[in-house]
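Beneath this line is the structure, given in structure tokens, with notes to follow.
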Amino acid sequence: MPPSPDDLASSPMPADGQSPSPGNPQDAPRPSGGGSRRAAPGSRRRRTLLVAAGAVLACLVTTAANAYDNHLFYKTVTEDETRLTTVAAGQTGKVHNIEWKAAVAPTKAPPDSKHGAEVTWLRVDISKKALDASSATMTAEPAEVKLEDRAGRTWTVETQWVGDTPIDRLVVGREYKIQGLAIVPTPVANEVELSFRPSNYKSDTPTEDLFTREGAAKLLPDVDVLRFKRR
């Protein structure tokens, strides 16, 4: 019996007008949703790389946090405690068998200076001498080099080594020169006094001691500050 018009209307025709082929499981449309699908290899690789990058970033953040924590611990041990020693004019200060001398005097302004008479340039001369072999590896420059007036105002002194820079050891009994320059208001140029914090860093300190809390606790703290009188 030929199909009725209703049967023909309910049977979809191919878009190209060809008659439909017999049913074949391979030709059946695949479901767009539901069911499990394997992730493409490229997607798996991208996820793996993202996980690996996240692990590396977490490791770096943890390392940086630990290093910062150790730095704060060392700073607390060294800089938050101060033992001030006042050195009479023309005399020497001594910290851990290192002898320090210092002098402050007016000097000419550099040729390219744009400052006028309202400020005075001061030259700062510092010398450092190891008194015995136990202090010969204390090769660092002093820290917090500054000038201070009677009102407590401070001005930073820029310093540098003069001549040979000690790296590994100081020659016992030899004076090493450090020179600095600063500008201060002219009215206080004759009263400002020099102070600095001698560094107790030793060049033979194991590197790991610089980056761990336990190592930092073994380091000699920089608690001493020398202040040199002008008169």
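The values are calculated or read from the model by the stated rules, or taken from the named source; none is laboratory data. Since this is a predicted model, take the numbers as computed values, not measurements. With ideal geometry, Cβ positions are generated from the backbone for all residues, glycine too; neighbour counts draw on all protein chains shown. All accessible areas refer to the heavy atoms of the entire protein, side chains included, with ligands and DNA or RNA removed. Shrake-Rupley method; radii C 1.70, N 1.55, O 1.52, S 1.80 Å.
Of all the listed residues (Val119, Val145, Val124), the sole one being surrounded by 14 or more Cβ atoms within 10 Å (Cβ to Cβ), more than 19 Å from Lys94 (Cα to Cα) and not charged (D, E, K, R) is Val119. Here Ile167 fulfils each of the conditions (1) of a type in the set (Val, Ile, Thr); (2) in contact with a strand residue (DSSP E or B) (Cβ under 8 Å, 6 or more places away or on another chain); (3) over 26 Å from Thr82 (Cα atoms) apart from (2). Checking each residue in segment 143-162 for being among the hydrophobic types (A, V, I, L, M, F, W, C) and in contact with a Phe, Trp or Tyr (Cβ under 9 Å, 6 or more places away or on another chain) picks out Ala143, Val145, Leu147, Val157, Trp161, Val162. Of all residue pairs spaced 6 or more apart or on separate chains, those with beta-carbon atoms under 9 Å, a first member in segment 130-157 that is aromatic (Phe, Trp, Tyr) and a second member that is part of a loop (DSSP other than H, G, I, E, B) and open to solvent by less than 70 Å² (accessible area, probe 1.4 Å) are Trp155/Asp149; Trp155/Val192.
The combined condition, being loosely packed, with under 12 Cβ neighbours inside 10 Å and outside any strand (DSSP E or B), is fulfilled by Asp204. For segment 175-231, the candidate set comprises residues that are within 26 Å of the chain's Cα centre (by Cα) and of a type in the set (Asp, Glu); within that set, the residue that is modelled with the highest pLDDT is Asp224. Restricting attention to segment 155-181 and to residues that are hydroxyl-bearing (Ser, Thr, Tyr) and open to solvent by less than 70 Å² (accessible area, probe 1.4 Å), the residue that is nearest to Phe196 (Cα to Cα) turns out to be Thr159. Taking the stated definitions as given, is Ala105 among the small types (Gly, Ala, Ser), in contact with a Lys or Arg (Cβ under 8 Å, 6 or more places away or on another chain) and either open to solvent by less than 40 Å² (accessible area, probe 1.4 Å) or closer than 14 Å to Asn200 by Cα (or both)? Spelling it out, it is not the case that Ala105 is among the small types (Gly, Ala, Ser), in contact with a Lys or Arg (Cβ under 8 Å, 6 or more places away or on another chain) and either open to solvent by less than 40 Å² (accessible area, probe 1.4 Å) or closer than 14 Å to Asn200 by Cα (or both).
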